[in-house]
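Here's the structure, in structure tokens; my notes come after.
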């Protein structure tokens, strides 16, 4: 049998067969595209959560805006470093996955040695920058990295704990944003984010499970879910979305409206309804096995999701005094 080359076995091997020369402009563009994919630059959009506390404060200083902008950049840098660690740890499983086998590391387009060096550089740079911006923000960022590492090496293989951890990681972004503007941590906002993103994470698991069962009768490698869990993943995920919807309704009723910061209060209720409707759309895709991408990545490419986002933002904007 012909041996299959692997960056783990041959770290110095050429990334892919027939790849363009590094000194060729087309080759350089290919390398940039490979690294952009490996670093998951499109996932930086998740760091918008750092901006949410600033927007909800309604009043902010230039210094706070600068700190949040730096926080956005720093979280992106450390997140890219953790994505590389995750891919290094998942090489075997990714190579057996119908879509993930095309990732730069799994396909051999980027060597293990280069990925290790890049990950170390990004994490060191990001954590140093975080502590320089603010000590409390630095510890929040360090906690994010530690939880992500625990997820990559262990928790992602533990059913239910995996989606709990993802929910916590999204809440960490919100907490980081609150820390940067010296704002009190909102339990309402944290609870909403935790349940919403836990639901979205479960949607991805459910879609993967559905797709694998339909195509090969097997279950996704390294995830810990079995065929019998498909009903549970659906119930848990949709239930979490419903809880997120209720938390946002209660937040508007008991905190946002009482704050006196909103004028057209009836428009505020458009926000939870639109978010819930979008989440159900995600679950419809997941139940049909059509959500192989991360839900956030899917939303960035989906016109209907953009319509939901713009409509929701405009409703919130008009509601402000």
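What follows draws every value from the coordinates through simple rules; no lab data is involved. Predicted model only: the values in this text are computed from it and were never measured. When we count neighbours, we look across all protein chains shown, and the Cβ atoms used for this are built from the backbone with ideal geometry, even at glycine.
Which label belongs to the value computed from this structure, given these candidates for Cα extents along the principal axes in Å: (1) 74, 60, 47; (2) 71, 48, 35; (3) 73, 42, 39?
It is the value labelled (2).
Counting residues in segment 39-185 as N, plug N into 2.2 N^0.38 Å and put the Cα Rg over that result. Intermediate results must be reported in sequence, preceding the final value.
Details: Rg = 16.1 Å, N = 147, 2.2 N^0.38 = 14.7 Å.
Cα Rg divided by the expected 2.2 N^0.38 Å: 1.10.
Given the Cα-Cα distance of residue 63 and residue 32 and 0.36 nm per residue of separation, how much length would full extension add, in nm?
7.9 nm
Assuming R0 = 56 Å, what is the FRET efficiency of residue 99 and residue 269, from their Cβ-Cβ distance, to the nearest 0.05?
For R0 = 56 Å, the calculated efficiency reads 0.90.
Spin-label point model (7 Å from Cα, Cβ direction): what's the residue 136 to residue 290 distance in nm?
Simple spin-label model gives 4.5 nm for this pair.
Taking a quarter of the surface of the convex hull around the Cα atoms of segment 186-321, what do you get in nm²?
Over every viewing direction, the Cα hull of segment 186-321 projects on average to 8.6 nm².
Angle between the Cα long axis of helix 187-215 and the longest principal axis of the chain, 0 to 90 degrees, nearest 10?
It works out to around 40 degrees.
Using only alpha carbon pairs under 8 Å that are at least six residues apart, calculate the relative contact order of the chain and give it in whole percent.
Values: 404 pairs, mean separation 53.2, N = 321.
Computed value for the chain: 17 percent relative contact order.
Starting with the highest mean, order 79-91, 53-65 by the number of other Cβ atoms within 10 Å, averaged over the residues of each peptide.
The peptides rank, most packed first, as 79-91, 53-65.
Using R₀ = 22 Å, calculate the FRET efficiency as 1/(1 + (r/R₀)^6) where r is the Cβ-Cβ separation of residue 128 and residue 164; round to 0.05. All intermediate terms of the calculation are to be shown ahead of the outcome.
Numbers: r = 30 Å, r/R0 = 1.35.
After rounding to 0.05, the efficiency reads 0.15.
Can you tell me the 0 to 90 degree angle between the C-alpha axis of helix 135-153 and the longest principal axis of the chain, rounded to 10?
The helix 135-153 is inclined about 50 degrees to the chain.
Can I get the semi-axes of segment 138-196's equivalent ellipsoid? Compute them from the C-alpha gyration tensor as square roots of 5 times the eigenvalues, in angstrom, largest first.
22, 15, 5
Over all alpha-carbon pairs of segment 243-307, lay out the pair-distance distribution in 5 Å bins, whole %, shortest bin first.
4, 16, 22, 18, 14, 12, 9, 4, 1
Beyond 15 Å, what share of the Cα-Cα pairs of segment 66-109 is found? Please give it as a whole percent.
The proportion of pairs with Cα distances above 15 Å equals 51 percent.
So what's the angle, to the nearest 10 degrees on a 0 to 90 scale, between helix 303-319 and the longest Cα principal axis of the chain?
For 303-319 against the chain, the angle is about 30 degrees.
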